[in-house]
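Single-structure report; data block below.
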Amino acid sequence: AQRVTQPEKLLSVFKGAPVELKCNYSYSGSPELFWYVQYSRQRLQLLLRHISRESIKGFTADLNKGETSFHLKKPFAQEEDSAMYYCALSGSGGSRLTFGEGTQLTVNP
Amino acid sequence: GAVVSQHPSRVICKSGTSVKIECRSLDFQATTMFWYRQFPKQSLMLMATSNEGSKATYEQGVEKDKFLINHASLTLSTLTVTSAHPEDSSFYICSASEGGAFFGQGTRLTVV
């Protein structure tokens, strides 16, 4: 069974501070991991995926297979980063996603 | 990025009636679409996988006779909530994949 855990429902930081949103997963095969973001009153949108190894809006995430983690990081948080963030997992060969419960990030001025 | 459009964005219906929600991929073809349900302050729960030209695959615990899914073309999937009851009130979201899942804007269903 595949499972995604985001241990923090709420995370609050000050502008300019580093931020890390935690994500752990369990999956028996080789998963594909994603981070999705939902800004207020907007649809869910893809932020980044581990296979592309890119940085989007200053965010990065590294897949750590040993720790089964895919934490999302940004060195200097901005107020516009305030949103709901979901970590998601897809098994090999398909796009069926399992979501974590989400972390509401608030960046205070 | 790819665009997925969902309609309607909000619907209120009377208990016992049926409601149809449409999900369209606007600039790509999607042989597979997914339907999720989201309760307030909770994560997205996959309800079913909609397959173009064949029957949908439902997740455990989801009533297939209550949540009818039709995927008649490569750009359209529909979810019909039949004989709706107040407990069916929720936020329903569809997605389709093109190098990563793209989501519709969601449909807020309220059954009164």
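Only the coordinates and a few stated rules stand behind these numbers; no lab work does. Quick caveat, the model's predicted, so the values are computed rather than measured. Cβ placement follows ideal geometry from the backbone for every residue including glycine, while neighbour counts extend to all protein chains displayed.
Numbers below:
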{"quantity": "Segments B:22-34, B:38-50 sorted - mean Cβ within 10 Å per residue, highest first", "calculated": "B:22-34, B:38-50"}
{"quantity": "Using θ = phi - 60° and Karplus 6.51 cos²θ - 1.76 cosθ + 1.60, couplings along region B:73-82 (whole Hz; Gly, Pro as x)", "calculated": "9, 6, 10, 9, 10, 10, 10, 10, 8, 8"}
{"quantity": "Net charge, B:Q29 excluded, C-beta distance under 13 Å - Lys, Arg +1, Asp, Glu -1", "calculated": "-2"}
{"quantity": "Reach of A:K65 by Cα under 20 Å, taken over lysines that are not fewer than 8 positions away in the same chain", "calculated": "A:K22, A:K73"}
{"quantity": "Per-residue average of Cβ from other chains inside 10 Å of A:31-37", "calculated": "1"}
{"quantity": "For region B:1-110: Kirkwood Rh in Å [reciprocal of mean 1/r, alpha carbons]", "calculated": "13.7"}
{"quantity": "Given charges at beta-carbon only (K, R positive; D, E negative), |dipole| of chain B in Debye", "calculated": "300"}
{"quantity": "Dipole magnitude (debye, nearest 20) for the protein assembly as shown, charges at Cβ of Lys, Arg, Asp, Glu", "calculated": "260"}
{"quantity": "Dipole moment magnitude, nearest 20 debye, region B:52-91 about Cα centre, only Lys, Arg, Asp, Glu C-beta charged", "calculated": "140"}
{"quantity": "Tensor-based shape of the protein assembly as shown (alpha-carbon gyration tensor, a/c under 1.5 rounded, otherwise prolate or oblate)", "calculated": "prolate"}
{"quantity": "Backbone HN-Hα couplings from phi across region A:37-49 [Karplus 6.51/-1.76/1.60, Hz, Gly and Pro as x]", "calculated": "10, 10, 6, 3, 6, 10, 6, 5, 9, 5, 9, 7, 10"}
{"quantity": "Relative contact order (%) - criterion: Cα under 8 Å, at least six apart; region: chain B", "calculated": "37"}
{"quantity": "Residue-averaged beta-carbon neighbours from other chains (10 angstrom radius) around A:38-44", "calculated": "4"}
